[in-house]
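To start, the structure itself, in structure tokens.
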Amino acid sequence: MDAGLPVVAIVIPNTGELSRRERDDIKLLFGERREAKVFEDVKRLEKSFPGAIAKVRELTHTRPEDLLVIVAGAKRAEAATDAKVRQQEYAIYTAAGQLRLALGQKYADRHGAFARGIFRLLWVTDFPMFEWDEEEKRWNAAHHPFTSPHEGDMDQLESDPGGVRALAYDIVLNGTELGSGSIRIHRQDVQSKIFKALGMSPEEQQMRFGFFLEALQYGTPPHGGIALGLDRIVMILAGAESLREVIPFPKTAKAIDLMVDAPTPVSERQLKELSIGVVPRKDL
């Protein structure tokens, strides 16, 4: 465990005391990960670090009948760059989030939080503005490059892009994302800084987005929005297990509509109108 990396506590209520086999199953759910470790037996950990575990229980309001699992970062590599550290932090949070979902589903019959008729809404905010691409060795936009960063993080755009938060948000109901959105950039200087953080030179910015940067000179107002998935809302209200149960014409795993037998071949005349040519597979 590295004290300089995040420590995430996961609490699943009302699970009761777990058996040794059930705790071993938690390790299997977590899997082998290079960046993070899971501590599924907190009572054993408590013998070595009583003060720290007591603080964790206090902060998480863990009761004796609740399951407490800790996910922490493995040791950082020596002389790790800021980008590497941010990447490992992201991996730790991702691993903890996936384990939390798996445990929530595994013990759903005990905690009862997913019972039909119970509705819990949650706003998720402060998403990271950038994600590090290890293959290309550069930053990518986590949401999209037109998302506005937090005003207080502007000074980190060049020095620490991984620490910049985005004005992006998700609305979640009972663990299912209903929609997402963001506040858009309305200032030319901010948009240009974002493009620079993504590795675009001034020349490339003008070539690809010159029209957009010019438009931002003329008083674009602050604006944003959100897109909601009505089908997901209906699914939860109906207590359905899958979106296919609430969609009038659901597709199969092969994207085939069984009601109207789509997709189907189209005539040569229709293809010609759209300037589309069909190439036989053997000629590819």
For LEU243 and ARG23, extending 7 Å from Cα along the Cα-Cβ vector and measuring point to point gives, in nm, a value of 4.0
Here the gain from full extension of VAL172 to GLU158, 0.36 nm per residue of separation minus their alpha-carbon distance, amounts to 1.8 nm
GNM of the chain, Cα pairs under 10 angstrom: of GLY152, GLY112, GLY239, the biggest fluctuation goes to GLY152
Phi-derived 3J(HN,Hα) across region 191-207 with the Karplus relation (6.51, -1.76, 1.60, θ = phi - 60°), rounded Hz, x for Gly and Pro, is 4, 5, 5, 5, 4, 5, 5, 8, x, 8, 6, x, 5, 5, 4, 5, 5
Length gained, LYS47-ALA227, 0.36 nm per residue minus C-alpha separation, equals 59.9 nm
Label model pair LYS84, VAL278: point-to-point distance (7 angstrom along the Cα→beta-carbon line) in nm is 5.4
Any residue on another chain or 5+ positions along whose placed amide H is under 5 Å from the amide H of LEU178 is listed here as ILE171, VAL172, LEU173
Which of PHE39, PHE49, PHE30 fluctuates most in a GNM of the chain (C-alpha springs under 10 Å)? That residue is PHE49
Under the rule rounded for a/c under 1.5, else prolate if a/b exceeds b/c, else oblate, using alpha carbon gyration tensor axes a ≥ b ≥ c, the chain is classed as oblate
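Quote the FRET efficiency, to the nearest 0.05, computed for ALA3 versus ALA115 with a Förster distance R0 of 30 Å and r equal to the Cβ-Cβ distance.
Working: r = 39 Å, r/R0 = 1.31.
With a Förster radius of 30 Å, E is 0.15.
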Distance in nm between VAL234 and GLU214 label points, each 7 Å along Cα→Cβ, equals 4.5
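Assuming 0.36 nm per residue, please report the length gained on full extension of the stretch ASN14 to ASP126 beyond their Cα-Cα distance. Spell out each step's value before the answer.
Numbers: separation 112, 0.36 × 112 = 40.32 nm, distance 2.98 nm.
Extending this stretch completely gives an extra 37.3 nm.
Throughout, read-outs are computed from the coordinates displayed, never taken from laboratory work. Computed from a prediction, not measured in an experiment: that's the story for all the values here. Note that we place each Cβ from the backbone using ideal geometry, even for glycine, and neighbour counts take in every protein chain shown.
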